[in-house]
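Below is a structure I'd like to ask you about.
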Amino acid sequence: MTSYPHLLAPLDLGFTSLKNRVLMGSMHTGLEEHSNGFERMAAYYGERASGEVGLIVTGGVAPNRSGWVGPFSAKLTNRKEMQEHRMITSAVHERGGKIAMQILHAGRYGYHPLAVAPSRIKSPISPFSPWPLPGFAVEKTIQDYVDCAALAQEAGYDGVEIMGSEGYLINQFIVELTNKRKDKWGGSFENRIRFPVEIVKRTREKVGKEFILIYRLSMLDLVNDGSNWEEIVGLGKAIEDAGATIINTGIGWHEARVPTIATSVPRAAFTFVTKKMKSELSIPLICTNRINTPEVAEKVLAEGHADMVSMARPLLADADFVKKAREGRSEEINTCIACNQACLDHVFKRKIASCLVNPRACHETEINVQESKSSKKIAVIGAGPAGLSFACTAAQRGHKVSLFDKAKEIGGQFNMAKIIPGKEEFHETLRYYDKQLKLHDVDLRLGREVAGQEITDGKYDDVVIATGVKPRALSIPGIDHEKVLSYIQVLHGAPVGKEVAIIGAGGIGFDVAEFLVHEGESPSTDLSLFLKEWGLDPKLEVRGGINHGIKPEVAPPARKVHLLQRTKGKIGAKLGKTTGWIHRASLKHKQVNMIDGVSYNKVDDEGLHYTRDGKSHVLKVDHVIICAGQLPERSLADDLRDRNLNIHLIGGAYEARELDAKYAIDQGTRLGVSI
């Protein structure tokens, strides 16, 4: 008997059946525009099909040029383009999977001068004002959707998903905020939903009855003047009547100022929305967002929140997620920690997506873990992210690996990250690596500070130095004052007073600030706290589902925190593109005082003295916490430099980056497959 009976149950769609209730949600990877992208996408989606996911949905593909997300992004408008897609569908079908192509028209979100929309209203996230679609062009766009679906069917896809959420073109027609038209495509609710209903109706007529047609319905816009619940239900019923097979849930427009998929969002935070819709419709519904373990997925299905669960990034993190769940190996699943660093941040920078905890994602053709032709004895010094990723990868290939760390637990600086409110998911990565070390017989030696002599006695063929980083020292007067603490001391439990100044507003400074202003339950693990902090309406009685203009309900900060940076301008400007605004907003909720453009004068009994705009100031604080960057920890490497060893430096020991686990795990993995 399976441990996940609801998750692994087949779903009968009448004309076809899905092997389980897991949908791999749509996610743009950047491979769509790459020179050999279709070959790489075939490998990427093929691995997920081998991993037994019930149905895959591709990244968004535009039905015409004006629908591009960016210049020369993916589109499907002719037979030549269609032929390339057959590489993907063949790879998936050969592995027993099913795949649907998402049709996405960016509308006013298009980052290019050809962008169009229902009305000439500029998006806050694009510099281009869209061209308003005349009536004949609306009809032409509907036909482009239909033609795109037909080409997808000819390419071998099992279905299409029509993207009607997240604030893209279809959403822009539905909501009065972005639709000011006076013709039959605007004005009344019935007119505003005519566009999506006609797309679904005409597409169904074109592709026939035995083709999966998913409609992504925005059930929670999270923007001013978004749809109300009555309108959302009305649209859902109209889409069902028009011929949709399944309705997928969309949460939040891209311009919404509410986090929806970041690690600070509680698991399955928005499935209550889909559950409310289930009683209104008869076709299957899919719930989505922050469902990242089989246990969470099973629970939401068992409680009747939906008929399927959508997981995008969790299947970046582990292509074998479903297979491992079915085989009773959930402890071996590499869990998505919702950091966005290698997936969404990469895509928004026009780079190929990957995954912080799984660098092979979208790089399956270049990072292959194959058995080594000869087994080496390898010593790895440092059990942080870089050392762990290397040790597990090398051991998986058949090398004999000994992993040393002076600490009594694995994880390195991940052990500090995991205690930050909103980063609790980092525990999962350490759980995963702990299991991998045991599976691949890594000789783990904790609580051991390695001396040079210990590894120069001929025992090891190679030595990998992954000793991480050390805090950068500052040279301001009073830096040795008793008020001064390092971020390491703070996160390891040093007592901290009621008012503090943090020097350095990078990722570490923000993390330390989050740590110090919170006490008690974290909003990232308590849904009611999260909804209150971000002003969401759990009863869905207000337009857009968000109480605009209402002050967030936030527990008082545990301390008064001042966050300072030398650079003039936005505090934390180098934080992640898709999560930086969340961190800034969260600290603003906690009344953190952010000060830019400062020069530090001294620390004394009175507090921190600094100058800003030519004026001297004193922060009368109990403690000053230094978060001013890191330097490589290379003392062991320096000791071994002249000892005739095959030495490799990885992670922070190679190059100090601010708690950059993405870089460390990638480098460790790549060395592991090549050594």
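Given the conditions (1) touching a His at 6+ places or on another chain (Cβ under 8 Å); (2) assigned to a helix (DSSP H, G or I); (3) at pLDDT 95 or above; (4) not hydroxyl-bearing (S, T, Y), which single one is not true for M416?
Every listed condition holds for M416 apart from (3).
Is at least one residue of region 548-561 among the hydrophobic types (A, V, I, L, M, F, W, C), over 19 Å from V265 (Cβ atoms), modelled with pLDDT of 95 or more and surrounded by fewer than 20 Cβ atoms within 10 Å (Cβ to Cβ)?
The answer is yes, given that some residue of region 548-561 is among the hydrophobic types (A, V, I, L, M, F, W, C), over 19 Å from V265 (Cβ atoms), modelled with pLDDT of 95 or more and surrounded by fewer than 20 Cβ atoms within 10 Å (Cβ to Cβ).
Give the residues of region 125-168 that are modelled with pLDDT under 95 and in contact with an Asp or Glu (Cβ under 7 Å, 6 or more places away or on another chain), sorted by residue number.
I125
Would you tally the residues in region 468-486 being modelled with pLDDT of 95 or more and under 18 Å from F414 (Cβ atoms)?
Within region 468-486, residues that are modelled with pLDDT of 95 or more and under 18 Å from F414 (Cβ atoms) number 1.
Within region 573-675, which helices (runs of 4 or more DSSP H) (wholly inside it) include 3 or more residues that are within 25 Å of A338 (Cβ to Cβ) and either out of contact with any Gly (no Cβ under 6 Å at 6 or more places or on another chain) or without any contact (Cβ under 8 Å) to a residue 24 or more places away in the chain (or both)?
Result: 580-589, 661-674.
Within region 337-352, can one find any residue that is crowded, with 23+ Cβ neighbours inside 10 Å and farther than 23 Å from K574 by Cα?
Checking region 337-352: not a single residue is crowded, with 23+ Cβ neighbours inside 10 Å and farther than 23 Å from K574 by Cα.
Residues checked against (1) crowded, with 17+ Cβ neighbours inside 10 Å; (2) closer than 30 Å to F530 by Cβ:
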| position | (1), (2) |
| --- | --- |
| H589 | yes, yes |
| S599 | no, no |
| K602 | no, no |
| K615 | no, no |
| H623 | yes, yes |
| L636 | yes, no |
| G651 | yes, no |
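Let me ask something else. Answer yes or no as to whether A383 is assigned to a loop (DSSP other than H, G, I, E, B), touching a residue at least 24 places away in the same chain (Cβ under 8 Å) and under 15 Å from G468 (Cα atoms).
yes
In the set G60, G97, which member is outside any helix (DSSP H, G or I) and more than 19 Å from I170 (Cα to Cα)?
Just a single option satisfies the conditions, and that option is G97.
Could you list all residues from region 216-263 that are acidic (D, E), more than 21 Å from A149 (Cα to Cα) and touching a residue at least 12 places away in the same chain (Cβ under 8 Å)?
Scanning region 216-263 gives D221, D225, E231, E255.
Output the residue which, of all residues in region 12-56 that are in a strand (DSSP E or B) and crowded, with 19+ Cβ neighbours inside 10 Å, is nearest to the chain's Cα centre (by Cα).
Filtering first and then ranking leaves M24.
Ok, one more. What is the number of the single condition among (1) among the aromatic types (F, W, Y); (2) closer than 26 Å to E52 by Cα; (3) in a helix (DSSP H, G or I) that Y157 does not meet?
(3)
Next up: Residues F128, F136: which one is in a loop (DSSP other than H, G, I, E, B), of a type in the set (A, V, I, L, M, F, W, C) and in the same structural domain as Q102 (by TED's automatic domain parsing)?
Just one listed residue meets the conditions, F128.
For region 494-523, which residues satisfy the criterion of being over 21 Å from C627 (Cβ atoms) and either among the small types (G, A, S) or free of Cβ contacts under 8 Å to residues at least 60 places away in the same chain (or both)?
G520, E521
What residue, among those in region 451-487 that are among the polar types (S, T, N, Q) and not in a loop (DSSP other than H, G, I, E, B), is surrounded by the most Cβ atoms within 10 Å (Cβ to Cβ)?
Checking each candidate, the answer is S486.
Go through (1) in a helix (DSSP H, G or I); (2) closer than 21 Å to Q436 by Cα; (3) touching a helix residue (DSSP H, G or I) at 6+ places or on another chain (Cβ under 6 Å); (4) not polar (S, T, N, Q) for V322 and report which single condition fails.
All conditions are met except number (3).
Please indicate, with yes or no, whether at least one residue in region 199-210 is outside the structural domain of K577 (by TED's automatic domain parsing) and in contact with a Pro (Cβ under 9 Å, 6 or more places away or on another chain).
No; the residues of region 199-210 include none that is outside the structural domain of K577 (by TED's automatic domain parsing) and in contact with a Pro (Cβ under 9 Å, 6 or more places away or on another chain).
Only one of V517, V463, V500 is in contact with a Pro (Cβ under 7 Å, 6 or more places away or on another chain) and not polar (S, T, N, Q). Can you tell me which?
Matching residue, one of V517, V463, V500: V517.
The values are calculated or read from the model by the stated rules, or taken from the named source; none is laboratory data. Just so it is clear, the model here is predicted, and its values are computed rather than measured. For neighbour counting, all protein chains shown are included, and Cβ atoms are generated from backbone atoms with ideal geometry for every residue, glycine included.
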